[in-house]
Amino acid sequence: MLIKNLHGAKNMLILSLVLIYIGFYLLYGIKQKKFKAWQFKIVVGILFMSACLLLMHYYGIGVGFVSTWIFASPIVFGLILKQNNISHKKNNAHNVHY
């Protein structure tokens, strides 16, 4: 019984992470003008709500809601890093003109 519950928990976590990732990827595509905004905002909302409801159903309302945003945080951070070109810029204080 314990192994069956652990297998179900693993599948639930993976499925919710995939739903959250797909949702944020669609939001990234909307930002980059790859997708039409009004069509995919509805899909993104459904994906986020589905992931949240799956976690809340399996783990309880409080833990499921908090874990949804804990799982979403690294995905958002990764997409922000992907979108922004972060490079070392040389700062010359001598050449500043106002």
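Every number in this text was worked out from the coordinates using simple rules, so none of it is lab data. All of these numbers come straight from a predicted model, not from anything done at the bench. Note that each Cβ is placed from the backbone with ideal geometry, even for glycine, and that neighbours are counted across all protein chains shown.
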Compute the distance in nm between two label points, each set 7 Å from the Cα along the Cα-to-Cβ direction, one at Val43 and one at Ala9.
3.3 nm
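Hey, can you rank 18-25, 58-65 by average C-beta count inside 10 Å, highest first?
18-25, 58-65
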Pair Trp69, Val18: separation of 7 Å Cα→Cβ label points (nm):
2.7 nm
Cross-link pairs beyond the 20 Å C-alpha cut-off, checked among Lys31/Lys82; Lys10/Lys82; Lys10/Lys41
Lys10/Lys82; Lys10/Lys41
